[in-house]
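The values are calculated or read from the model by the stated rules, or taken from the named source; none is laboratory data. This one's a predicted model, so the numbers in the text were calculated from it and none came from an experiment. Cβ atoms come from the backbone with ideal geometry, glycine included; neighbour counts cover every protein chain shown.
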Amino acid sequence: MLTVTLVLGGWGSILMCRGVKKEISGGSKNTTNNIMELTAVIEALRLVKYPCKIQIYSDSAYVVNAFLQGWIYNWIKKGWKTADGSPVKNKELWEELYSFTKTHEIKFIKVKGHSDNEFNNRCDELARNAILEVKF
């Protein structure tokens, strides 16, 4: 008997600027929650065409705390190693996300997931819908 486990993931982001709102989303197979959380932020930042001040609201402690608690700066100092010396997971995504902080003034703000934040709830909905579009 052969058992195949396929992990599907989705991400969603909402960009807002001067009264204009744009929703984006996507999904992948064979992924992780952490990869999807990083991807949501990266894909949104890719759409910002010029340097500016950006506030990123996320329910991802993984993403937000990496900056607010300085984890990413320590990883960089240690050659992309964690406190215990192991390689940082998703290094390429972290490097890309970090590169945006060189162009933009980014403030990371943690929001509570699955609560009353309408934009966070909409991002969750976008992510769930994106999973349905993933082709096997």
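Looking at 106, 54, which is the one that is surrounded by 15 or more Cβ atoms within 10 Å (Cβ to Cβ), assigned to a strand (DSSP E or B) and touching a His at 6+ places or on another chain (Cβ under 9 Å)? Show your work before the answer.
On the way: 106 fails: touching a His at 6+ places or on another chain (Cβ under 9 Å).
Step by step, each of 106, 54 is checked, and only 54 is surrounded by 15 or more Cβ atoms within 10 Å (Cβ to Cβ), assigned to a strand (DSSP E or B) and touching a His at 6+ places or on another chain (Cβ under 9 Å).
Residue-by-condition table, conditions (1) in contact (Cβ under 8 Å) with a residue 60 or more places away in the chain; (2) surrounded by fewer than 19 Cβ atoms within 10 Å (Cβ to Cβ); (3) touching a Lys or Arg at 6+ places or on another chain (Cβ under 9 Å):
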{"residue": "10", "(1), (2), (3)": "yes, no, yes"}
{"residue": "18", "(1), (2), (3)": "no, yes, no"}
{"residue": "37", "(1), (2), (3)": "no, no, no"}
{"residue": "68", "(1), (2), (3)": "no, yes, yes"}
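Check 107, 135, 112 and return the single one that is modelled with pLDDT of 95 or more and either charged (D, E, K, R) or more than 23 Å from residue 7 (Cβ to Cβ) (or both). Give the steps one after another, and end with the answer.
Details: 135 fails: modelled with pLDDT of 95 or more; 112 fails: modelled with pLDDT of 95 or more.
After applying the criteria, what remains is 107.
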>> So for segment 116-125 (the condition being over 18 Å from residue 63 (Cα atoms), free of Cβ contacts under 8 Å to residues at least 12 places away in the same chain and either surrounded by fewer than 16 Cβ atoms within 10 Å (Cβ to Cβ) or among the basic types (Lys, Arg) (or both)), does at least one residue qualify?
In response: yes
> So residue 83 fits all but one of (1) at pLDDT below 95; (2) closer than 28 Å to residue 135 by Cβ; what number is the exception?
Replying inline: (2)
